[in-house]
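I have placed the structure first, in the form of structure tokens, so that the comments after it can refer back to it.
Here, each number is a calculation from the coordinates, and none is a lab measurement. As the structure is a prediction and not an experimental result, all values here were calculated from the model. Cβ sites come from the backbone with ideal geometry, for glycine too, and all protein chains shown count toward neighbours.
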Amino acid sequence: MATAGLMGKRRLEYENRTYGATGGVSQNNRCFGFRPAFRDAETGTVYPSLNAGGTPCPFHCLDGLPAEVVTERGASGQVTCVKSTLEAGFELEGEFYTRAQAADVVARSE
């Protein structure tokens, strides 16, 4: 069972519902150049969202994150939880944006 507070599939689903009608989700900000990413608040490291094979993923995917941030895997090896200090957001031109910040940029651009 996933530890409370960790980034996992349920938290990503919750965030997608919360920001669903805004630029805080990939399908609404991709055309502005945003790419899904994760930032570790503890280290400041930004990780692009990659699939298990290591290629860019068009949405937030935990499977391509490095082992040092993975805290739990399912029976088939898929990542189910990562460090609680990771947050989902977006990268644009070398800068990390939280979901709220990306939503704000998109709203101001429309």
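Under a Cβ-Cβ limit of 4.7 Å, which cysteines in the chain have nobody to pair with?
Lacking a cysteine Cβ partner under 4.7 Å: Cys31, Cys81.
Compute the convex hull volume of the Cα atoms of the chain, divide it by the residue count, and report the result per residue in Å³ as a whole number.
Convex hull of Cα atoms, per residue: 98 Å³.
For Arg73, enumerate residues with amide H under 5 Å from its amide H, sequence gap 5+ or separate chain, H modeled in the peptide plane.
Thr80
Using only C-alpha positions, report the orientation-averaged shadow area of the convex hull of the range 23-85, nm², one decimal.
4.7 nm²
Given an 8 Å cut-off on Cα distances and at least 6 residues of separation, report the relative contact order of the chain as a percent.
Answer for the chain is 33 percent.
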